[in-house]
Structures are given as structure tokens and as C-alpha cells.
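Heads up, the thing below is written out as C-alpha cells.
The values are calculated or read from the model by the stated rules, or taken from the named source; none is laboratory data. Predicted, not measured: the structure shown is a model, and the values here were computed from it. Here the Cβ positions follow ideal geometry from the backbone for every residue, glycine too, while neighbour counts run over all protein chains shown. These area figures cover heavy atoms from the full protein model, side chains too; ligands, DNA and RNA do not enter into them. Shrake-Rupley method; radii C 1.70, N 1.55, O 1.52, S 1.80 Å.
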Number of protein chains: 2
Amino acid sequence: MEVAKFFDTAPDLKDRVLINEKLKEFVKRHSHMRGESEMCERRIVCITSGGTTVPLEQRCVRYIDNFSSGHRGAASTEYFLKAGYAVIFLHRRGTCQPYCRFLPNDPLLECFESIDQGGSIIRPVQSQADAVTNAIMDHHTAIETGLLLKLQFTTVFEYLQILQMIGVALTELGPHAMFYLAAAVSDFYVPWESMAEHKIQSGGGPLNMHLVQVPKMLSVLRKDWAPQAFCISFKLETDVDILLQKASAALEKYNMHAVVANELETRKEEVTIVTPDEKTCIRRDKADARSDVESPLVKLLVKMHTAYILKNVQSQGASN
Amino acid sequence: MEVAKFFDTAPDLKDRVLINEKLKEFVKRHSHMRGESEMCERRIVCITSGGTTVPLEQRCVRYIDNFSSGHRGAASTEYFLKAGYAVIFLHRRGTCQPYCRFLPNDPLLECFESIDQGGSIIRPVQSQADAVTNAIMDHHTAIETGLLLKLQFTTVFEYLQILQMIGVALTELGPHAMFYLAAAVSDFYVPWESMAEHKIQSGGGPLNMHLVQVPKMLSVLRKDWAPQAFCISFKLETDVDILLQKASAALEKYNMHAVVANELETRKEEVTIVTPDEKTCIRRDKADARSDVESPLVKLLVKMHTAYILKNVQSQGASN
């Protein structure tokens with residue numbers, strides 16, 4: 001009910017047709033790359049990244065935003081590609097892109113210099129030359145080999161509408177599909193119909209805002225959109241005392257296969273993978289300045305996904 | 001009272017010392033460039049650009065944001081530099097930069113290609129080569145000639161604290177200083193002390209938020225920080241019926257020298273300059289696809305600033 005109402009009252013998704021075409025083409029191409037055995041089939045992971053916004057006005061001037069740089073999603077995309085996955089990178093416009101993590105925020109102005117030798121030439125500054133060249137080359141390779149599909153969102157309405165489309169598109173992959181839900185999704189929103197059409201006026205003293213909860217779509221993803229897919233969600237808290245308890249609750253409530261628990265201050269150093277059976281703390285290698293927590297995290301999740309596929313294939317075999 | 005409380009309870013501004021040093025050095029350098037007559041003195045304009053955020057939690061995960069791409073501020077910076085002004089570009093992190101308006105959102109990944117000829121080389125794609133090269137060259141020239149100082153903000157706390165520092169630093173320029181306040185500043189905020197320390201929990205049903213008005217700092221800027229500076233503020237509305245009336249009210253209430261009224265839908269096509277004496281509609285030249293409304297807008301404001309300086313110099317002369 002709540003879910004149907006959310007989608008019914010959400011503003012129309014622009015580019016719905018185009019997004020659907022891209023998705024179908026991507027899934028079709030990779031479903032054709034089937035190997036000899038079930039285990040060799042191409043796996044597709046949908047990685048969500050960055051924060052969603054909630055408009056406070058229909059002609060949007062003000063909105064509530066969820067902080068997320070998108071570094072986690074971008075780094076994880078690189079490691080899943082390396083592990084042989086095809087990746088749908090569903091990210092917030094303007095957030096960190098795969099292979100661009102080590103560049104400054106404004107690489108064009110900070111990493112290039114101009115030299116004027118008869119004509120005007122630009123080139124990467126020496127200190128950034130490798131980082132810039134690698135970012136451009138690796139990113140283009142991922143796109144050109146057809147292994148990376150990038151889709152963008154800004155609002156929570158766009159995010160959930162596209163996520164639903166991806167869920168449905170990946171259904172046919174069964175357990176070979178994975179969702180890695182690293183995006184910071186708004187918990188509260190103002191229903192479109194009850195939203196002010198025009199800019200809220202500031203003359204009338206203090207402002208009281210009434211927000212309602214965004215329906216918990218994780219349950220719907222698991223139950224209806226892609227019931228066989230391997231689903232990982234993330235739980236971010238600032239209060240470490242309640243973090244693991246909240247992660248365990250989410251695991252059970254939304255029937256996830258694992259929840260990655262991370263605390264705002266230490267999220268780049270360590271995370272804990274919470275499953276029904278155990279809690280595994282993953283830390284980055286502090287001896288290596290360029291190491292990150294996403295590399296061991298993705299490695300472990302790929303292993304868990306392999307085990308999940310095997311179990312599903314066996315149980316299907318048994319039931320045949 | 002309200003103003004003092006806002007600043008007293010705001011979180012400390014990081015880099016305060018560094019920002020102050022940069023400001024002092026910039027103002028000192030340009031104050032030394034005085035010409036023969038008062039009219040030839042270097043003018044400095046502070047251009048504010050992009051939207052401010054209001055954190056909803058002390059360890060900030062969620063915040064309210066004001067939409068603004070920063071195109072207006074970036075374009076205006078180019079035209080003020082062309083008119084001979086030194087520019088302090090106080091902008092929201094990540095928004096549009098001067099000379100970069102005609103580039104795609106992610107120029108590094110969208111404007112470059114890699115060619116592998118023995119070694120790896122990157123170069124701008126042909127269709128974007130001129131835009132990319134000009135952006136980098138023009139931007140570097142503005143920085144290297146010392147005419148452009150870039151300062152960044154994210155929250156409304158940072159914005160107002162830096163604006164105050166700029167106001168005080170520009171006092172000594174008297175009427176040769178100008179404020180061009182194009183930033184979209186939050187009207188409402190949650191006072192730091194009454195803010196939740198940790199992430200707001202979503203378990204407890206709907207969320208009611210109580211926000212109070214941000215004190216109207218334009219009055220303080222005019223009265224206390226830089227009383228002789230020429231001050232232009234902007235009024236954005238989505239409802240054209242109340243736009244001019246709101247602009248006139250702001251002109252009087254904050255004692256601005258002019259208010260630029262713009263409507264969300266048409267803001268790239270036309271604006272109206274509202275002064276105590278008249279309302280002047282400025283339109284971009286539709287016959288030229290590359291034209292913009294900022295070019296004629298800045299031209300007219302520079303003229304008005306010249307007249308303002310002249311009037312001030314004459315009245316000072318008369319009172320001496």
C-alpha cells in the first residue's frame with residue numbers, strides 16, 4: 001500500500017524509456033556470455049552510490065540531502081570489475097566516479113597546466129600526470145568493453161524508480177545478480193502532492209516541516225523485484241554504540257544476505273560484515289597508504305556470492 | 001542580538017587564519033594599485049555563488065540544501081574581471097567555476113580520450129578541444145595575474161563567517177568595494193546547540209522539524225561590515241506574481257543599492273534590476289546562441305558603480 005502510494009505520487013521519471021533500453025541491452029549482452037557451467041556465468045552487480053535528495057518544494061529550490069561522497073561505491077565498482085563482474089553503477093550526479101578517487105575535486109583546473117608554444121597546449125601537471133592518465137584510460141576501458149553501465153539519480157524518487165527497473169531487469173539472472181546498496185537513501189520525504197508548489201516564504205517566522213518515512217524498499221526488492229538476487233545493504237551510524245544492533249535489525253527486517261555496518265568517523269578504516277551467522281570485521285592495511293577497506297570487503301563478498309550461487313544451483317538440482 | 005547569537009553558537013570556521021591572510025594580502029596588493037585619480041583606483045567585487053547548506057545533525061549526515069548551479073556567479077566573475085575588477089569569488093564547493101560554463105559536468109571523463117602509441121597519452125576530444133583549452137588557460141591566467149581570489153563554503157555558517165571577514169577586509173576600499181550577492185543563502189536553520197548530535201533515527205514514525213530564521217545579514221553588511229560598499233543582492237522566486245514586490249521590499253528592508261530579481265524558469269533569459277528610482281529589465285540577445293544575461297547585467301552594474309563612486313567622492317570633497 002505504502003509502496004504503491006509512493007510510486008503513484010512520485011513525479012514522472014525523465015528518460016524512463018532510454019534507461020530501460022540501456023538496461024535491457026546490458027543484461028541481454030551479459031546473459032549471452034554464459035560459460036559451460038552455472039558457475040561460469042557472468043555475474044552482474046548493481047552498485048548504488050552517493051546520497052539521495054528529498055525536494056521540499058515542487059519547483060525545487062530547497063531540498064534535504066544525505067551526505068555521501070560516493071568514494072565507497074566508486075572504489076567498489078573498480079574491485080567488482082576486476083573480479084570479473086559486469087557493473088551497473090547507479091550513482092548520484094556529481095559524486096565520485098570509478099578510477100577517479102585519487103584526483104582532486106576539480107581535476108580539470110587542478111591537474112592541468114597550459115603551455116603556450118606558438119599555439120596553446122594543455123597538459124597534466126607532472127605530479128598528477130599518472131593519476132589523471134590512468135583515471136581517463138581505465139574509465140574509458142571499462143565503458144568501451146561494455147562492462148560498466150552508469151546511471152544517474154538526484155532525488156529519492158528517481159533513485160527508487162530506477163532501482164525498481166534494475167531489479168526487474170536482473171530477475172532473469174537469478175542468483176547471479178547482486179545488489180550492493182551503498183547509497184545513502186533518504187529516510188524521510190515530503191509526499192509530492194502535499195508539497196508546496198512555490199518557494200517557501202521566509203517572512204512568516206519559524207518553519208515547521210512535517211516529513212513522513214520513505215517506505216522500506218529493501219523488503220520489496222528482496223520479495224518482489226529480484227527475489228533470487230544476492231543482496232547487501234549498508235548501515236551508517238554516527239553512534240558506534242547502536243551500530244551493530246541496528247545492522248542486525250536491518251539484516252532480519254529486510255531479509256538481506258549481509259549488512260555492512262560502518263561508523264561515520266572510521267568508515268574508511270574498517271567495516272563489519274553482519275550475516276545471520278557471524279560478524280566479520282574488515283580493516284584496511286594500514287602499512288600501505290594507498291590501501292582501502294573496499295578491496296578486502298569486495299573480495300569477501302565475492303566469495304560469499306560464489307557460495308550463494310552454488311547453494312542455489314544445488315538446491316535447484318535437488319528439486320529437479 | 002540575533003546576529004551575535006548566530007555567530008556565537010556557529011561551529012568554528014576551519015582555516016580562519018589562512019583565509020584571513022589570503023584576504024589581507026589580496027586587498028593590500030590591490031589597494032597599492034591606485035591610479036592618479038579616485039576614479040582610477042582598482043575596484044574589488046566580492047561575488048558570492050552557489051547555495052548554502054544547513055546541517056540537521058552535528059555529525060552531519062543530513063542537511064537542507066539550496067539549489068544553485070553557480071552559473072550566474074561564474075559568468076559574472078568573468079565579466080567583472082574583463083571590466084578590470086579584482087574578484088573575490090566566494091563559492092559553494094563543487095559548483096560552476098569561471099570559464100568552465102560551457103563544459104559538461106564531468107569534463108575530465110567526458111572531454112578527454114586516451115590514445116595508446118607506445119606510451120599512454122591523453123588529449124581533449126576534438127569537439128571539446130577549444131572549450132577545454134580555453135577554460136584551463138583563462139582560469140589559470142586569472143589566478144596567476146592575481147586578479148581572482150577563490151574562497152569556498154558549504155554550510156550557511158561558513159558562508160556568513162567568511163562574508164563577514166570579506167566585509168571587514170574591504171572596508172578600507174570605501175565605495176570602490178562592491179558586493180554582488182548571487183549565492184542562494186538558506187533562510188532557515190537549526191541552531192547548532194539545539195541540533196541532534198547523532199544521526200536522526202528513522203524508527204519513530206514521521207519527523208517534525210523546527211527551523212528558525214537565519215538572521216538577515218544583508219542589513220548587518222550594509223550597516224556594520226562595509227557601510228560604504230556598493231551592494232547588490234539577488235531575489236529568486238518561482239512565483240512571478242510576487243517577484244518584483246519581494247525585490248522592492250528587500251531593496252528597502254536591507255538598504256541595498258540594487259536588487260536583481262529573477263524567476264526560476266526564465267532566469268537565464270532575463271532579470272530585472274530594481275533600484276529606488278527604477279526597474280530595468282535586462283534580456284540576453286536571443287539572436288546569439290552563446291550570449292547570456294550576465295554580460296549586459298554586469299555592464300549596467302559597473303556603470304552604476306562608477307556613478308556611485310563619483311557621487312561619494314564628490315560628497316566627500318564637498319564635506320572636506
Notebook entry, point to check: Can you name the residue in the range A:60-77 that is away from chain B (no Cβ under 14 Å) and out of contact with any strand residue (DSSP E or B) (no Cβ under 8 Å at 6 or more places or on another chain) and is also farthest from B:Gly51 (Cα to Cα) among such residues?
Noted result: A:Ala75
Checklist line | Search result, residues across the range B:194-224 that are buried (at least 16 other Cβ atoms within 10 Å of the Cβ), within 19 Å of B:Tyr180 (Cα to Cα) and without any contact (Cβ under 8 Å) to a residue 60 or more places away in the chain | finding: B:Lys216, B:Leu218, B:Leu221, B:Arg222
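Taking only the range A:152-169 into account, find how many residues are among the aliphatic types (A, V, I, L, M) and within 14 Å of chain B (Cβ to nearest Cβ).
Residues flagged as among the aliphatic types (A, V, I, L, M) and within 14 Å of chain B (Cβ to nearest Cβ) within the range A:152-169 amount to 1.
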Margin query: Can you pull out every residue in the range B:61-74 that is open to solvent by 40 Å² or more (accessible area, probe 1.4 Å) and free of Cβ contacts under 8 Å to residues at least 24 places away in the same chain?
Written below: none
Note to self: Regarding the range B:48-55, can at least one residue be identified that is over 30 Å from A:Arg101 (Cβ atoms), at pLDDT 95 or above and more than 12 Å from every other protein chain (Cβ to nearest Cβ)?
What the structure shows: yes
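What about A:Arg59, is it in contact with a Ser or Thr (Cβ under 6 Å, 6 or more places away or on another chain) and under 30 Å from A:Glu237 (Cβ atoms)?
For A:Arg59, the condition - in contact with a Ser or Thr (Cβ under 6 Å, 6 or more places away or on another chain) and under 30 Å from A:Glu237 (Cβ atoms) - is not met.
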Next item on the list: Would you confirm whether any residue within the range B:170-187 is more than 14 Å from chain A (Cβ to nearest Cβ), under 30 Å from A:Pro206 (Cβ atoms) and open to solvent by 30 Å² or more (accessible area, probe 1.4 Å)?
Entry: no
Next item on the list: Considering every residue within the range A:227-243, establish whether at least one is polar (S, T, N, Q), within 30 Å of A:Val190 (Cα to Cα) and modelled with pLDDT of 95 or more.
Entry: yes
Check: Name the residues in the range A:4-24 that are farther than 13 Å from A:Gln161 by Cα and surrounded by fewer than 12 Cβ atoms within 10 Å (Cβ to Cβ), would you?
Finding: A:Leu18, A:Glu21
Margin query: For the range B:83-94, which positions are more than 28 Å from B:Thr306 (Cβ to Cβ) and either more than 12 Å from chain A (Cβ to nearest Cβ) or surrounded by 19 or more Cβ atoms within 10 Å (Cβ to Cβ) (or both)?
Written below: B:Arg92
Notebook entry, point to check: Are any of the residues in the range A:195-209 within 21 Å of A:Arg92 (Cβ to Cβ) and not hydrophobic (A, V, I, L, M, F, W, C)?
Noted result: no
Margin query: Let me spell it out: the conditions are (1) among the polar types (S, T, N, Q); (2) within 14 Å of chain B (Cβ to nearest Cβ); (3) not in a strand (DSSP E or B), and A:Asn208 meets all of them except one. Which number is the exception?
Written below: (3)
Next item on the list: Mind listing whichever residues of the range A:153-172 are part of a strand (DSSP E or B) and out of contact with any helix residue (DSSP H, G or I) (no Cβ under 8 Å at 6 or more places or on another chain)?
Entry: A:Thr155
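Residue by residue, here is whether (1) within 15 Å of B:Glu110 (Cα to Cα); (2) surrounded by fewer than 18 Cβ atoms within 10 Å (Cβ to Cβ) holds:
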residue	(1), (2)
A:Asn105	no, yes
A:Leu108	yes, no
A:Ile115	no, yes
A:Asp130	no, yes
A:Ala135	yes, no
A:Ala142	yes, no
A:Phe153	no, no
Next item on the list: List the strands (runs of 3 or more DSSP E) that sit entirely inside the range A:232-306 and contain at least 3 residues that are open to solvent by 30 Å² or more (accessible area, probe 1.4 Å).
Entry: A:279-283
Next item on the list: Enumerate the pairs (first residue in the range B:75-103 and touching a residue at least 40 places away in the same chain (Cβ under 8 Å); second residue anywhere and acidic (Asp, Glu) and open to solvent by 40 Å² or more (accessible area, probe 1.4 Å)) with beta-carbon separation below 6 Å, excluding pairs fewer than 6 apart on the same chain, so at least 6 apart or on different chains.
Entry: B:Tyr99/B:Asp138
Checklist line | Residue in the range B:98-106 that is out of contact with any helix residue (DSSP H, G or I) (no Cβ under 7 Å at 6 or more places or on another chain) and more than 9 Å from chain A (Cβ to nearest Cβ) present | finding: no
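Which of the residues belonging to the range A:191-205 are more than 10 Å from chain B (Cβ to nearest Cβ) and not aromatic (Phe, Trp, Tyr)?
Passing the criteria: A:Pro191, A:Glu193, A:Ser194, A:Met195.
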